[in-house]
Amino acid sequence: MSQTVQTTIREVSSHVGAQVRIGCWLHRKRSSGKIQFLQLRDGTGFIQGVVVKSEVAEAAWEAAEKLTQESSLWVTGIVREDPRSPSGYEMSVTGAEIIHLSADYPITPKEHGVDFLMDNRHLWLRTPRQRAVMVIRAQIVRAIQEFFDTRGFTLVDAPILTPTSAEGTTNLFHTKYFEEDAYLTQSGQLYMEAAAMALGKVYSFGPTFRAEKSKTRRHLIEFWMIEPEMAFVDHEQNLRVQEQFVSHVVQSVLTNCKSELQTLERDTSKLANVTAPFPRITYDDAVKFLNANGFPEFNWGEDFGAPHETAIAESYDKPVFITHYPTELKAFYMKPDPNRPEVVLCADLIAPEGYGEIIGGSQRIDDPELMEQRFKEHELSMEAYQWYLDLRKYGSVPHSGFGLGLERTVAWICGLDHVRETIPFPRLLYRLYP
Ligand code: 4AD
Ligand code: MG
């Protein structure tokens, strides 16, 4: 027999017929007296190892018998193709060597409550579903970077400690910065506007923080946001980038994460549909639609809640842009529609299947006088934002950008009903552990 190579479960397809050695954990075990079926996992995947008593040394058989759930081991065996197995491969075990015996692993095959699983998040991550979510999240990040890196955008990092707010003052995390007050960033956008004036097309990708007292399935306290900002790009062009971008991300996951989507039992026909262009509806028309479809009391000027967004999204089988929101409802920096200053050149992108807003974006005010006026109306300190006002003073240009929430996007693509499973260690209203 040729030399035994150390490999991973992901790589077994290139070792069919050969003996390999894999460091792994026991996920589950089934035994029929003379044969033990080991469900093994090593982080890269799952494989069944078959131990036949009459074919292995006694030590290997005994080691396999001792193995408890989540014990770690070195396994050696011959890789076989097996069309019945979900991975397509199986291993005829020739040797098993326990590294560490695990005792009383808390997550058993029986059903557990969400609080229990969240308390054990550090272990819960080992289960097939959670692993699949993390793999898809990583693929989404890769697809995001690929999209922007191949379209002339430069990655620029925004600061996390900031002296001022970017998205309103109601949900700021306060901290001390030596003697000064500081806040954890809610959005890198304002800094990206400065970067766009230096580099043309930029994007940031980092953690953002919102001290939101909302306990919904869409809100995290700490979440990751991708924020592109583009000089010389208007509202219309901004929407076209967004629909190309979201289509790219979804199609990339469909191509590269087939087995993970299968583990999650995701209905991929709904995702296959997600190709540009996306439908659009104005805020005005969305209000009319709601009034005619179950929300007769909804008034122009009110903000949409989750039930409204879901009702609107249900009419479409792709993400839908809701455009031209009332100026009053939106952030101070959004550019008013020149034909109708009571609405702004903005859009929220609402994901299908009830996943809600995944993108908020707009064209930005480039007129220095109007920006100053907005500062006064919103009672923002000109001093604190002098640098931001400078961007309108020295060669101001039309520019636009948007922010995509990573976790809501992961929830939608994976078909999860809560964002708490989309991030390795979620920070929620009542949860900072583990
Ligand atoms: O709509 P938001 O607040 O927009 C901004 O922060 C802009 N400065 C973005 C920009 O134009 N550069 O947030 C953008 C997205 C939302 O659509 C949502 O997907 C996500 O960030 N998001 C959250 N995700 C999870 N938990 C929360 N608490 C979130 N708040 C916003
Ligand atoms: Mg928003």
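The values are calculated or read from the model by the stated rules, or taken from the named source; none is laboratory data. Values in this document were obtained by computation on a predicted structure and should not be read as measured data. Cβ: placed from backbone, ideal geometry, glycine included. Neighbour counts: every protein chain shown.
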Looking only at segment 185-197, decide whether some residue is over 19 Å from P163 (Cα atoms) and either crowded, with 21+ Cβ neighbours inside 10 Å or assigned by TED's automatic domain parsing to the domain that holds A143 (or both). yes
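Across segment 15-35, which residue is farthest from A57 (Cα to Cα) among those that are of a type outside the set (S, T, Y) and free of Cβ contacts under 8 Å to residues at least 40 places away in the same chain? Give the derivation first.
Going residue by residue through segment 15-35, those that are of a type outside the set (S, T, Y) are 15-30, 33-35.
If we keep only those that are free of Cβ contacts under 8 Å to residues at least 40 places away in the same chain too, we end up with 30, 33-35.
Numbers: R30: 19, G33: 16, K34: 13, I35: 13 Å.
Out of the qualifying residues, it is R30.
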Residue check, V250 β-branched (V, I, T), farther than 17 Å from L345 by Cα and either over 18 Å from the mean Cα position of the chain (by Cα) or in a helix (DSSP H, G or I) (or both): yes
Qualifying positions in segment 47-94 - touching a Phe, Trp or Tyr at 6+ places or on another chain (Cβ under 6 Å) and part of a helix (DSSP H, G or I): K53
Within 16 Å of ligand 2 (Cβ to nearest atom), over 23 Å from M371 (Cβ atoms) and in the same structural domain as F375 (by TED's automatic domain parsing) - does that describe any residue in segment 324-343? no
Can you tell me which residue is farthest from ligand 2 (Cβ to nearest atom) among those in segment 355-395 that are polar (S, T, N, Q) and outside any strand (DSSP E or B)? Q386
Would segment 385-405 turn up any residue that is among the charged types (D, E, K, R) and within 16 Å of ligand 1 (Cβ to nearest atom)? no
Which count do you get for residues in segment 143-172 that are over 26 Å from V246 (Cα atoms), surrounded by 14 or more Cβ atoms within 10 Å (Cβ to Cβ) and at pLDDT 95 or above? 1
I'd like to know if segment 279-290 contains one or more residues that are in a helix (DSSP H, G or I), basic (K, R), surrounded by fewer than 21 Cβ atoms within 10 Å (Cβ to Cβ) and at pLDDT 95 or above. yes
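Select from segment 406-428 the residues that are part of a loop (DSSP other than H, G, I, E, B) and surrounded by 19 or more Cβ atoms within 10 Å (Cβ to Cβ) and write down the one among them that is farthest from ligand 1 (Cβ to nearest atom). Outline the logic, then answer.
In the first step, residues of segment 406-428 are kept if they are part of a loop (DSSP other than H, G, I, E, B); the result is 415-418, 422-427.
In the following step, the residues that additionally are surrounded by 19 or more Cβ atoms within 10 Å (Cβ to Cβ) were identified as 416, 422-423, 426.
Working: L416: 13, T422: 9, I423: 9, P426: 10 Å.
Only one residue tops the list, namely L416.
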Scope segment 317-329; condition farther than 30 Å from T268 by Cα, buried (at least 19 other Cβ atoms within 10 Å of the Cβ) and within 12 Å of ligand 1 (Cβ to nearest atom); matching residues: Y325
What about V114, is it more than 16 Å from ligand 2 (Cβ to nearest atom), touching a helix residue (DSSP H, G or I) at 6+ places or on another chain (Cβ under 9 Å) and outside the structural domain of P307 (by TED's automatic domain parsing)? yes
Select from segment 421-434 the residues that are touching a residue at least 24 places away in the same chain (Cβ under 8 Å) and out of contact with any strand residue (DSSP E or B) (no Cβ under 6 Å at 6 or more places or on another chain) and list them in ascending order. E421, T422, I423, P424, F425, P426, L428, L429, Y430, R431, Y433, P434
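Looking at R151, is it of a type in the set (D, E, K, R), part of a loop (DSSP other than H, G, I, E, B) and over 15 Å from P434 (Cβ atoms)? Outline the logic, then answer.
Numbers: of a type in the set (D, E, K, R): yes; part of a loop (DSSP other than H, G, I, E, B): yes; over 15 Å from P434 (Cβ atoms): yes.
Yes, satisfied.
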Hey, K110 hits all of (1) without any contact (Cβ under 8 Å) to a residue 60 or more places away in the chain; (2) among the basic types (K, R); (3) not in a loop (DSSP other than H, G, I, E, B) but one; which does it fall short on? (3)
Is there a residue being free of Cβ contacts under 8 Å to residues at least 12 places away in the same chain and either farther than 22 Å from V344 by Cβ or away from ligand 1 (no atom under 16 Å from the Cβ) (or both) anywhere in segment 202-211? no
Looking at segment 397-415, I want the residues that are in the same structural domain as Q262 (by TED's automatic domain parsing) and charged (D, E, K, R) and have a partner that is assigned to a loop (DSSP other than H, G, I, E, B) and more than 7 Å from ligand 1 (Cβ to nearest atom) with Cβ atoms under 7 Å, at least 6 apart or on another chain. Which pairs are those? E407/T422; E407/I423; R408/Y355
Set E309, E353, E314, E297: member being at positive phi, more than 10 Å from ligand 1 (Cβ to nearest atom) and either surrounded by fewer than 18 Cβ atoms within 10 Å (Cβ to Cβ) or touching a residue at least 12 places away in the same chain (Cβ under 8 Å) (or both): E353
Checking the structure you have, find out if any residue of segment 72-81 is charged (D, E, K, R) and closer than 28 Å to Q262 by Cα. yes
